[in-house]
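Dumping the structure here so I can ask a few things about it.
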Amino acid sequence: MAHEETADYGPLKHLFGTWKGDKGIDVSPEPDGDEINPYYETIVFEKAGDVDNAEIQTLAIARYHLTVRRQSNDEAFHDQVGYWLWDKANETIIHALTIPRAVSLLAGGKFDPSKADDDEVTFEVVAELGGEWGIVQSPFMKDKAKTTKFTQKLTVSATKLSYSETTMVDIYGKTYTHTDDNVLERV
Ligand code: HEM
């Protein structure tokens, strides 16, 4: 790991800094249907330089931590850490994330800088259980609350970051569409 200030972060360059947003909507699984939680959130992105793999691949690294609180009672009800990675040579964006339910995933997607607007970029990544970009989870979660697919679209500019994500979860004998959306501003 090196070059925190000089790495070529490509389209990740817009992410760095602290973002806050209070327009979050979470739809999550409950035994008797969906639970809907309006939320507010802080995300902090830091430059983590770049790394070489097998002396061939270079990945530029944005490291983040996000915290989410319920509007109704200010309770912290979701926490997440991860990395967004930029593989310039392969025009690939990677999102590695871990949530403290004992679920981690590695989602990937293509990003063509020549077709992108430099002021506002959009990344789309997907992970699927058993897929090329995958999901790992504890034996308990595999048995009781299995994540089978994750898709995310994130748009970021100098002042605004928005995302929309869908997590498919097999729980309570059904497949739930667990969604989270928010719009954040740079602070
Ligand atoms: C802003 C993002 C997110 C928020 C606010 C959020 C919130 C929630 C909430 C409120 C529940 C229901 C908990 C309960 O019933 O006690 C839940 C369940 C769950 N979430 Fe999320 N979640 C988010 C993102 C994710 C992501 C990224 C994943 C995995 C990739 C994930 C996986 C799960 C799973 C597997 C469950 C089922 C566990 C259970 O309900 O017992 N969530 N989430």
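What is the percent carbon and sulfur in the accessible area of the stretch 1-147, measuring with a 1.4 Å probe over the protein chains and ignoring ligands?
Percent of accessible area from carbon and sulfur atoms in the stretch 1-147: 50.
Here is a further query. Across 10 Å bins from 0, what is the distribution of all Cα-Cα pair distances for the stretch 94-187, in whole percents?
16, 42, 29, 12, 2
Now, a different point. Counting Lys and Arg as +1 and Asp and Glu as -1, each charge on the Cβ, what is the dipole of the stretch 98-140 about the Cα centre in debye, to the nearest 20?
400 debye
Take the alpha carbon atoms of the stretch 156-181, find their center, do the same for the stretch 25-102, and report the distance between the two centers in whole angstrom.
The two parts, judged by their Cα centres, are 11 Å apart.
How much accessible surface does Asp34 have with a 1.4 Å probe, in Å² rounded to 10?
Counting only protein heavy atoms, the figure is 100 Å².
Another question, if that's okay. Using the charge dipole of the chain (Lys, Arg: +1 at Cβ; Asp, Glu: -1 at Cβ; taken about the Cα centre), state which of Leu85, Pro11, His178 has its Cα farthest towards the positive end.
His178
Here is a follow-up. Pull out a ≥ b ≥ c, the square roots of the eigenvalues of the alpha-carbon gyration tensor of the stretch 67-143, then state rounded if a/c is under 1.5, prolate if not and a/b is larger than b/c, and oblate in the remaining case.
It is oblate, given that a/c is not under 1.5 and a/b is not larger than b/c.
Scaled to the compact-protein estimate 2.2 N^0.38 Å, what is the alpha-carbon radius of gyration of the chain, rounded to two decimal places?
1.04
How big is the charge dipole of the chain about its Cα centre, in debye rounded to the nearest 20, if each Lys and Arg gets +1 on its Cβ and each Asp and Glu gets -1 on its Cβ?
The calculation lands at about 280 debye.
Within the set Lys23/Lys88; Lys47/Lys115; Lys88/Lys160, which residue pairs have Cα atoms separated by over 29 Å?
Lys23/Lys88
The values are calculated or read from the model by the stated rules, or taken from the named source; none is laboratory data. The structure displayed is predicted, hence computed values, not measured ones. Glycine also receives a Cβ, built like all others from the backbone with ideal geometry; neighbour counts cover every protein chain displayed. What goes into the accessible areas is simple: the full protein's heavy atoms, side chains included, and nothing from ligands, DNA or RNA. Shrake-Rupley method; radii C 1.70, N 1.55, O 1.52, S 1.80 Å.
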